[in-house]
Amino acid sequence: MTKGTKEDFLPDDLLWAAGGHASDVVLTAMADGQVDIVPPIVLAHVDKCRSCTTHLGNAALLSLHTGREIAMVAREADAAARAPMPRLAIFLGLAFAVLGLLPTLLDAPSELGGARSFATHDVPMFVNGLGTLARKILEPGSALGLGLTYGAAVLLVIMAFALVRLLPKKEVSR
């Protein structure tokens, strides 16, 4: 296509508004600096028409304001992304959690007879239970394994739909 052909310009139905003035689409394109897509006859009208010139100025101010707002939001997002991780708070929280767990780890002999503690009794029993569960799940043709597989697949699909709904939409400009 060569510059200045009818295909390079906005369609005729987008050029004019009521009253024979330039449409908002034309004024927005001009305010955004896309004068190349506006036919010369419409440009000439905007240059001579006081109403269209006023609306063009308002559209240009709106475009500038929008550009500043988008830049400000982008700066705030960058600043939030660069915020330091609260390492001290995380370390202190983990330290207090370990301190709170110490009495359970070092508990005294129970009344049930014998020295039973978390480290010597509960952990091995939990690990043995996990081993039994893993053998049942990994057993060929296991209903539990099949159910977990399908459940995980459904959960992933639901999470994908939720993410698509929650993520911001990407705007495409032409």
Members of the range 123-149 found to be farther than 30 Å from Thr104 by Cβ and of a type in the set (Lys, Arg), listed by number: none
Unique match (being without any contact (Cβ under 8 Å) to a residue 40 or more places away in the chain, under 24 Å from Glu171 (Cα atoms) and more than 26 Å from the chain's Cα centre (by Cα)) among Leu88, Leu14: Leu14
Meets criteria (at pLDDT 75 or above and either among the aliphatic types (A, V, I, L, M) or exposed (fewer than 10 other Cβ atoms within 10 Å of the Cβ) (or both)) for Pro124: no
Cβ pairs under 9 Å, 6+ apart, first in the range 119-138 and closer than 22 Å to Tyr150 by Cβ and without any contact (Cβ under 8 Å) to a residue 24 or more places away in the chain, second assigned to a helix (DSSP H, G or I) and not hydrophobic (A, V, I, L, M, F, W, C): Lys136/Gly145; Ile137/Gly145; Leu138/Gly145
Ala60 vs. criteria within 32 Å of the chain's Cα centre (by Cα), modelled with pLDDT under 85, surrounded by 15 or more Cβ atoms within 10 Å (Cβ to Cβ) and within 30 Å of Lys170 (Cα to Cα): yes
Single match in Leu101, Leu148, Leu106, Leu130 (criterion: at pLDDT 85 or above and out of contact with any Lys or Arg (no Cβ under 7 Å at 6 or more places or on another chain)): Leu130
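Pull up the range 25-40, narrow it to residues that are outside any helix (DSSP H, G or I) and in contact with a helix residue (DSSP H, G or I) (Cβ under 7 Å, 6 or more places away or on another chain), then point me to the one that is surrounded by the fewest Cβ atoms within 10 Å (Cβ to Cβ). Walk me through how you get there before you give the answer.
Pass one, the range 25-40, residues outside any helix (DSSP H, G or I): 32-34, 38-39.
Cutting the leftovers down to in contact with a helix residue (DSSP H, G or I) (Cβ under 7 Å, 6 or more places away or on another chain) gives us 32, 38.
On the way: Asp32: 15, Val38: 20.
Filtering first and then ranking leaves Asp32.
The values are calculated or read from the model by the stated rules, or taken from the named source; none is laboratory data. This is a predicted model, so every value here is computed, not measured. So basically every Cβ, Gly included, is an ideal-geometry build from the backbone, and we count neighbours across all protein chains shown.
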